[in-house]
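Heads up: the structure comes next, in structure tokens.
The values are calculated or read from the model by the stated rules, or taken from the named source; none is laboratory data. All values reported here derive from a predicted model rather than from experimental measurement. Neighbour counts are summed over all protein chains in view; Cβ atoms, including those assigned to glycine, are modelled from backbone coordinates with ideal geometry.
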Amino acid sequence: MRFVLATSGTHGDLNPYLGVARALRKRGHEVVIATCPSYQSRVEAEGLPFHPLRPDLNQLMTSSPEISAKGNDLKSGTQFILRTLVLPKLRETYHDLLKVCQGADLLVNHPVLFAGPLVAEKLGIRWTSVILSPGIFLSVHDPALLPPLAWFHHLRKLGPAPHRLLNAVIGKITRRWMEPVQALRKEMNLPPSSSNPARDGMFSPTGTLGWFSSALGSPQADWPARTEVTGFVFFDKTEMDPALQAFLQAGAPPIVFTLGTSAITVAGEFYSASLEAVRRQGWRAVILTGADPRNRILQSDVPDSVFVAEYAPYSEVFSRAAAVVHAGGIGAIAQTLRAGVPSVVVPFAADQPDNAYRLARLGASRTIARGAYSARKVLAALEEVLHVSAYRNCAKAISKQIRGEDGVTRACEALERHARGA
């Protein structure tokens, strides 16, 4: 069978698709990854066919400090990304996908690719929607913490009614955002649709897969029909800098500080405050700064107890950590939970506040607001997650569950069923 796996966004949006693509190929299928042009070398390094999709959201989000700041704005970032970066290029995305999906048995579609359902309808092929974070479902029974209306989340204690009203308002607002999708439907001679592409329209009648653990979000009565939670889908290079390997082996498990691949562009004082915190306490630490030159730490400021690098494989580093301080991206959360280590989460934007809430609800983390992050606050949070045994015990228990889920295999089996129409 021929599968087209289409995604866009950060490395956290790409990596799960690479993990599933490799597994599908091993199962004897033809697989193509369609994604941002700037990811071509990463995809082809895995021996996978690559097809470019416009716009290059990864490149756009890092093209200037101004765009990075707007895209990572806690309250308006999602609206900016969709209305300014994604939807104006919808026609280009459609034609790119139309070309690669010719002869496909199944299109596997990321929700930000609003052209995907239109292409599948035009070609008469099946498609599967993939959700990486449970909050995207906007369930009234397990409400998401939405950054623009974080205060509203407290009303979940009153039952589903308040969030049912909120979701109706969100539906009306996002429907206006999606006017370019409806215009493209008409241009491509597709029949009118009453669905909202940013809500019910992003879920496929073929089926929806949640590539996350049920520990983070279990199926709810108002989730789309034919939804299956597979467990986290992991993909992580394991090559490690020998110097970092030696550092990890030379002493006690360190604290790891990382902002993933999105928030590093708007890190602010995160790295300087983190370095000050571990210097005060004398802790061993690994600080992953990414390639943004604004995050560079002068070597003269770094004690021997701290190792600074741009990147390192999460699976290798987190499994040797005492705790991890991160932004709450779903990839980092998956890796910390699999490693069985507690977290301190500093959510920046998008799904990160909701992910942080869900991790704290499990009892595996503390949360610090982005604007409140300081050496003093992270020290206090780390002292708690390191020395209150409940955090580590919780993380270890969830790690056992996640290691038994085998999300990649379950995802592949579900996609094979979808491609067959079963």
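Can you pull out every residue in region 181-197 that is within 25 Å of the chain's Cα centre (by Cα) and assigned to a helix (DSSP H, G or I)?
Selection gives 181 alone.
Out of (1) among the hydrophobic types (A, V, I, L, M, F, W, C); (2) in a helix (DSSP H, G or I); (3) within 25 Å of the chain's Cα centre (by Cα), the odd one out for residue 155 is which?
Result: residue 155 fails condition (3) only.
Scan region 35-49 and give yes if some residue there is among the charged types (D, E, K, R) and touching a Pro at 6+ places or on another chain (Cβ under 9 Å), otherwise no. Step through it out loud before you land on a result.
Kept after step one, since they are among the charged types (D, E, K, R), are these residues of region 35-49: 42, 44, 46.
Then keep just the ones that are touching a Pro at 6+ places or on another chain (Cβ under 9 Å); that gives none.
So far as region 35-49 goes, no, none of its residues is among the charged types (D, E, K, R) and touching a Pro at 6+ places or on another chain (Cβ under 9 Å).
Residue-wise test of (1) in contact (Cβ under 8 Å) with a residue 24 or more places away in the chain; (2) surrounded by fewer than 21 Cβ atoms within 10 Å (Cβ to Cβ).
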position: 50; (1), (2): no, yes
position: 65; (1), (2): yes, yes
position: 80; (1), (2): no, yes
position: 85; (1), (2): yes, yes
position: 89; (1), (2): yes, yes
position: 98; (1), (2): yes, yes
position: 121; (1), (2): yes, yes
position: 128; (1), (2): yes, no
position: 134; (1), (2): yes, no
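So in region 290-342, with the set limited to residues that are β-branched (Val, Ile, Thr) and either within 18 Å of the chain's Cα centre (by Cα) or modelled with pLDDT under 95 (or both), which one is nearest to residue 394 (Cα to Cα)? Show your work before the answer.
The first filter runs over region 290-342 and keeps only residues β-branched (Val, Ile, Thr), leaving 297, 302, 306, 308, 317, 324-325, 330, 333, 336, 341.
With the extra rule that they be either within 18 Å of the chain's Cα centre (by Cα) or modelled with pLDDT under 95 (or both), the set shrinks to 297, 302, 324-325, 330, 333, 336.
Details: 297: 34, 302: 32, 324: 15, 325: 17, 330: 18, 333: 14, 336: 12 Å.
This residue is 336.
Please enumerate the residues belonging to region 357-401 that are at pLDDT below 95 and either of a type in the set (Val, Ile, Thr) or on the phi > 0 side of the Ramachandran plot (or both).
Matches in region 357-401: none.
Report the residue count in region 29-56 for those that are in contact with a helix residue (DSSP H, G or I) (Cβ under 7 Å, 6 or more places away or on another chain) and part of a loop (DSSP other than H, G, I, E, B).
Matching residues across region 29-56 total 7.
Which strands (runs of 3 or more DSSP E) sit wholly inside region 286-364 and have at least 3 residues that are crowded, with 24+ Cβ neighbours inside 10 Å? Even if it seems obvious, please write down each step before you answer.
Working: elements: 306-309, 323-326, 343-345.
Strands (runs of 3 or more DSSP E) meeting the threshold: 323-326, 343-345.
Condition check: among the aromatic types (Phe, Trp, Tyr) and either part of a strand (DSSP E or B) or over 22 Å from the mean Cα position of the chain (by Cα) (or both). Does residue 223 satisfy that?
Working: among the aromatic types (Phe, Trp, Tyr): yes; either part of a strand (DSSP E or B) or over 22 Å from the mean Cα position of the chain (by Cα) (or both): no.
No; evaluated as a whole, the condition is false for this residue.
Specify which of the listed residues (64, 133) is polar (S, T, N, Q) and either in contact with a Pro (Cβ under 7 Å, 6 or more places away or on another chain) or modelled with pLDDT under 95 (or both).
Working: 133 fails: either in contact with a Pro (Cβ under 7 Å, 6 or more places away or on another chain) or modelled with pLDDT under 95 (or both).
Selected residue: 64, the only one of 64, 133 that is polar (S, T, N, Q) and either in contact with a Pro (Cβ under 7 Å, 6 or more places away or on another chain) or modelled with pLDDT under 95 (or both).
Look through region 226-242, keep the residues that are assigned to a loop (DSSP other than H, G, I, E, B) and among the charged types (D, E, K, R), and return whichever of them is nearest to the chain's Cα centre (by Cα). If you could, list the steps in order and put the result at the bottom.
Here is the first cut: in region 226-242, the residues assigned to a loop (DSSP other than H, G, I, E, B) are 226, 230-241.
Next cut, among the charged types (D, E, K, R) only: 226, 236-237, 239, 241.
Working: 226: 22, 236: 14, 237: 17, 239: 22, 241: 25 Å.
For region 226-242, the residue satisfying everything is 236.
Here is a check on your reading of the model: is residue 345 assigned by TED's automatic domain parsing to the domain that holds residue 388, more than 18 Å from residue 14 (Cβ to Cβ), at pLDDT 95 or above and in contact with a Gly (Cβ under 8 Å, 6 or more places away or on another chain)? Break it down into steps so the answer makes sense when it comes.
Values: assigned by TED's automatic domain parsing to the domain that holds residue 388: yes; more than 18 Å from residue 14 (Cβ to Cβ): yes; at pLDDT 95 or above: yes; in contact with a Gly (Cβ under 8 Å, 6 or more places away or on another chain): yes.
Against the criterion (assigned by TED's automatic domain parsing to the domain that holds residue 388, more than 18 Å from residue 14 (Cβ to Cβ), at pLDDT 95 or above and in contact with a Gly (Cβ under 8 Å, 6 or more places away or on another chain)), residue 345 qualifies.
Name the residues in region 300-322 that are touching a residue at least 24 places away in the same chain (Cβ under 8 Å) and within 23 Å of residue 265 (Cα to Cα), would you?
Start the filter on region 300-322 by keeping residues that are touching a residue at least 24 places away in the same chain (Cβ under 8 Å), which leaves 301-303, 305-307, 309, 312-318, 320-322.
If the condition is that a residue be touching a residue at least 24 places away in the same chain (Cβ under 8 Å) and within 23 Å of residue 265 (Cα to Cα), then 301, 302, 306, 307, 309, 312, 313, 314, 315, 317, 318 are the ones that fit.
Give the number of residues within region 16-47 that are under 17 Å from residue 59 (Cα atoms) and either among the hydroxyl-bearing types (Ser, Thr, Tyr) or surrounded by 24 or more Cβ atoms within 10 Å (Cβ to Cβ) (or both). I'd like the intermediate steps shown before the answer.
The initial filter retains those residues of region 16-47 that are under 17 Å from residue 59 (Cα atoms), namely 34-43.
Narrowing further to those that are either among the hydroxyl-bearing types (Ser, Thr, Tyr) or surrounded by 24 or more Cβ atoms within 10 Å (Cβ to Cβ) (or both): 34-36, 38-39, 41.
Total satisfying the criteria: 6.
Filter region 399-422 down to the residues that are of a type in the set (A, V, I, L, M) and over 19 Å from the mean Cα position of the chain (by Cα) and list them by number.
Quick first cut of region 399-422, residues of a type in the set (A, V, I, L, M) only: 402, 408, 411, 414-415, 419, 422.
Listed by number, the residues that qualify are 414, 415, 419, 422.
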